[in-house]
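Following: one structure in structure tokens, then a few remarks.
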Amino acid sequence: MTTFLVTGGAGFIGANYIHYMFRTYGDDIRIINADALTYAGNPENLKEIETRDNYTFVKADITDKEAVSRIFAENDIDTVVHFAAESHVDRSITDPEVFVRTNVLGTATLLNAARAAWEKEDGTYPEGKKFLHVSTDEVYGSLPEGEGYFYEDTPYAPRSPYSASKAGSDLLVRAYMETYGFPANITNCSNNYGPYQFPEKLIPLMIHNALEGKKLPVYGDGKNVRDWLYVEDHARAIDMVIKKGRLFETYNVGGHNEKQNIEIVKTIIDILKEELPEDDQRRAHLTYDLITYVEDRKGHDRRYAIAPDKIRKEVGWEPETMFAEGIRKTIRWYFEHEEWMAHVTSGAYQQYYESMYHV
Ligand code: NAD
Ligand code: DAU
């Protein structure tokens, strides 16, 4: 039985990954989820699986050496799947330090603990151990409109404190692979969407605001392009890279699904109008008049676009959920989970929202 240490499993992608793994492998795996439960970590995301015998939650900060080492001492970890990070670009612009702490120092702490637990006296590692570092396409910087793609050998050129800290973490993993022969893979994925995403990110924020009849704040001219991938396809890509990816390799993950932000916002309004029942009062305010152009994000990357050729060829991964289907499923999920939304949009989140958008 493979034992996985998942970090940041109470967040958006981590929770989707854990659900995917239990749906796929049932009782044949064991998962230990180490999460500090920051504002972005929500135990509610995992309530359907929290009583499983083969699932353990550990509240731990990945920068806490002792806590991390204890997890390795008490469990024979085969695979680390490292999601834990500060993940929101706007927050990194306001408060960069916590991004360096969690994303760079936290990754270093985890790498050290895994190396200490796994490395044999002769400097080799037992067969089957792997550290999967989950990273982002933002490390490659910004592409011009309509031209070029991110490949695995595209030079790193991060432009926000968030992407710089993720680039730092990737380079540490690369250095461990080179210096110690540390068994790892890095995946650099494009923008994810789907259930359980914290409503500070574009898609859940727009769905939530549209349902509440609030303004939809579009940064700049709304023409920045992101390459959207349904989160379950990302979870499956990680699973496949763990099983089939060549050690020490990086794989870009994305599905050639580029959209301008304004197109996404209009699609959300259109689909909500189609999906909400005829007698739902909220239909009345669902018009494009809600769209409000606001001040642009500082250093706003213009376009991201992944070339997924390597993962397709070497690992056999392809996205399964096309955008038209995925975005409809996602929108339905949010209006069918009003209680989830109500919980995450109260308290600390509300204060953050007010300071960010001055409302
Ligand atoms: P998220 O913000 O939703 O979740 C992050 C999780 O990490 C939360 O559960 C949080 O509590 C936990 N965490 C934060 N600091 C921690 C610490 N110091 N110790 C332990 N746990 C801590 O993030 P997400 O969107 O799910 O992203 C997960 C990973 O995937 C990140 O590494 C991110 O860079 C990467 N990624 C995200 C996307 C995307 O579109 N969201 C795309 C590509 C890559
Ligand atoms: O590309 C992968 C990255 O995608 C991940 O590494 C990050 O963790 C994840 O947050 C995401 O980063 P983005 O900055 O692309 O995502 P965000 O949802 O914050 O914004 C998407 C686009 O929408 C971006 O061009 C900014 C714009 N935007 C965002 C918000 C929150 C708006 O126009 N208005 C908004 O209110």
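The values are calculated or read from the model by the stated rules, or taken from the named source; none is laboratory data. Because the structure is predicted, anything quoted here is derived from the model rather than measured. Cβ: placed from backbone, ideal geometry, glycine included. Neighbour counts: every protein chain shown. For the accessible areas, the whole protein counts, side chains as well, though only heavy atoms, and no ligand, DNA or RNA atoms are used. Shrake-Rupley method; radii C 1.70, N 1.55, O 1.52, S 1.80 Å.
Students often forget the sequence filter, so: which aspartates and glutamates lie under 15 Å Cα-Cα from Lys120 once same-chain residues fewer than 8 apart are removed?
Within reach: Asp76, Asp78.
For a label point 7 Å from the Cα of Tyr151 along Cα→C-beta, name the residues of the range 113-145 whose backbone N is under 19 Å from it.
It comes to 137-145, nothing else.
Under a point spin-label approximation (7 Å from Cα along Cα-to-Cβ), what is the Lys120-Arg23 distance to one decimal in nm?
Taking the two extended label points, one gets 3.8 nm.
Measuring from label point to label point, each 7 Å out along Cα→Cβ, what is the Glu48 to Met1 span in nm?
Taking the simple label geometry, Glu48 and Met1 are separated by 2.2 nm.
Of the residues Asn75, Asn185, Asn42, which exhibits the maximal mean-square fluctuation in a Gaussian network model of the chain defined by a 10 Å Cα contact cut-off?
Largest GNM mean-square fluctuation: Asn75.
At a probe radius of 1.4 Å, what is the per-residue accessible area of Tyr293, in Å² to the nearest 10?
The value for Tyr293 is about 120 Å².
Under the definition of Cα pairs under 8 Å and six or more residues apart, what whole-number percent is the relative contact order of the range 1-135? Don't jump to the answer; show the numbers that get you there.
Numbers: 206 pairs, mean separation 37.1, N = 135.
Dividing the mean separation by the residue count of the range 1-135 yields 27 percent.
Let me check against my output: what whole-number percent is the relative contact order of the chain, with C-alpha pairs under 8 Å and at least 6 apart?
With pairs under 8 Å counted, the relative contact order is 18 percent.
Take the residue pairs Lys201/Lys266; Lys214/Lys298; Lys201/Lys329; Lys214/Lys273; Lys130/Lys243 and return only those whose Cα atoms are more than 19 Å apart. Don't jump to the answer; show the numbers that get you there.
On the way: Lys201/Lys266 16 Å; Lys214/Lys298 23 Å; Lys201/Lys329 17 Å; Lys214/Lys273 15 Å; Lys130/Lys243 9 Å.
Beyond 19 Å between Cα atoms: Lys214/Lys298.
Under unit Cβ charges (Lys, Arg +1; Asp, Glu -1), what dipole magnitude, rounded to 20 debye, does the range 122-167 have relative to its Cα centre? Let's see the in-between values first.
Numbers: 4 positive and 8 negative charges, 54 e Å.
Once rounded to the nearest 20, the dipole reads 260 debye.
How large is the dipole of the chain about the Cα centre if only Lys and Arg carry +1 and Asp and Glu carry -1, each at its Cβ, rounded to the nearest 20 debye?
The dipole of the chain has a size of about 380 debye.
Given Leu143, Leu111, Ala305, which one lies farthest toward the positive end of the charge dipole of the chain, if we put +1 on the Cβ of every Lys and Arg and -1 on the Cβ of every Asp and Glu?
Working it through, the farthest residue towards the positive pole turns out to be Leu143.
Multiply the residue gap between Ser69 and Met322 by 0.36 nm, knock off their C-alpha separation, and tell me the result in nm, one decimal place.
My answer for the length gained is 87.0 nm.
Fully extended, how many nm does the chain gain between Asp309 and Glu338 (0.36 nm per residue separation, minus their Cα-Cα distance)?
Full extension from Asp309 to Glu338 adds 6.6 nm.
How big is the convex hull of the Cα atoms of the chain, per residue, in Å³?
On the way: hull volume 47.5 nm³, N = 359.
With only Cα atoms used, the chain gives 132 Å³ per residue.
Please calculate the 1.4 Å probe accessible area of Ser346, with all protein chains present, and give it to the nearest 10 Å².
We get 60 Å² for Ser346.
Would you list, by chain and number, the aspartates and glutamates whose Cα falls below 13 Å from the Cα of Lys244, excluding same-chain residues fewer than 8 positions away?
Those aspartates and glutamates meeting the cut-off are Glu314.
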